[in-house]
Amino acid sequence: MALKPRGGGRMAATPAPSRWDRKMQQRLARGEETALCELYDRFASLVHSIAHRVMRDEDAADQITREVFGYIWENPDAFDPKDGTMRSWIAALTQRQAVHRLRHSEAYRVRADGARSAARLEARVREANTAARADFIRTSMPSSIRATLELTYFQRRNYRQTAVELGLTEDETRRRLRLGLQMLSTAMQPPQSSPSPPSGGVQ
């Protein structure tokens, strides 16, 4: 399995890990299966959505989800609280594994078609990484900011309509929109450098 235990490549800047994160790591380190079940219930939808964003394939996303949680179960100490929250760590693991799988699945086509196919693959990787980071940022932002963005940009309200629907002043609505867009803009920035995943690994 092509997952790195530590290092760069986090999805975005994250707050300090919660007490829940630390307790979960301790429980996983003790081999508590109920802890893995709780972790899965909490983060499986996040892992699957990131994997699906990259792979665009349901079966591949299912496989990556199993691999990520299998890796966490076997390597609970790979989570370093100094690097951020468990949520951001799991998201970064998922993104790296999904990109590795994507490159592996397209390797034959790249060898057969040459530079043009390689360029298309790299463009798809960049697009998938940006979309996955944007999804992660949107689901991680405060619910008040997320609701404002979703009404304005996904449900096509103008900021005045959004203000009325959420019971906000227009100034507060504009402020939340600015904050949300600033957060989303970080998805367009190149991720922190992360070492390439090793060949082979746990399957």
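The values are calculated or read from the model by the stated rules, or taken from the named source; none is laboratory data. Keep in mind it's a predicted model, so treat the numbers as computed, not measured. So basically every Cβ, Gly included, is an ideal-geometry build from the backbone, and we count neighbours across all protein chains shown.
Going by the conditions given, is ARG87 at pLDDT below 90, assigned to a helix (DSSP H, G or I) and either more than 28 Å from GLN182 (Cα to Cα) or among the charged types (D, E, K, R) (or both)? It would help to see each step written out before you state the result.
Details: at pLDDT below 90: yes; assigned to a helix (DSSP H, G or I): yes; either more than 28 Å from GLN182 (Cα to Cα) or among the charged types (D, E, K, R) (or both): yes.
Here the answer is yes, as ARG87 does meet what is asked.
Scan the stretch 119-135 and give yes if some residue there is over 12 Å from the mean Cα position of the chain (by Cα), crowded, with 19+ Cβ neighbours inside 10 Å and in a helix (DSSP H, G or I), otherwise no.
Within the stretch 119-135 (the criterion being over 12 Å from the mean Cα position of the chain (by Cα), crowded, with 19+ Cβ neighbours inside 10 Å and in a helix (DSSP H, G or I)), the answer is no, since none of the residues qualifies.
Please work out if ALA98 is crowded, with 19+ Cβ neighbours inside 10 Å and either modelled with pLDDT of 90 or more or assigned to a helix (DSSP H, G or I) (or both).
It is true that ALA98 is crowded, with 19+ Cβ neighbours inside 10 Å and either modelled with pLDDT of 90 or more or assigned to a helix (DSSP H, G or I) (or both).
Looking only at the stretch 166-176, decide whether some residue is assigned to a helix (DSSP H, G or I), outside the structural domain of ARG96 (by TED's automatic domain parsing) and of a type in the set (A, V, I, L, M, F, W, C).
Restricting attention to the stretch 166-176, the residues satisfying the condition of being assigned to a helix (DSSP H, G or I) are 166, 170-176.
Checking which are outside the structural domain of ARG96 (by TED's automatic domain parsing) leaves us with 166, 170-176.
So of that shortlist, the ones also of a type in the set (A, V, I, L, M, F, W, C) come out as 166.
Yes, the conditions are met somewhere in the stretch 166-176.
Check THR169 against each of (1) surrounded by fewer than 16 Cβ atoms within 10 Å (Cβ to Cβ); (2) at pLDDT below 80 and name the one condition it does not meet.
(2)
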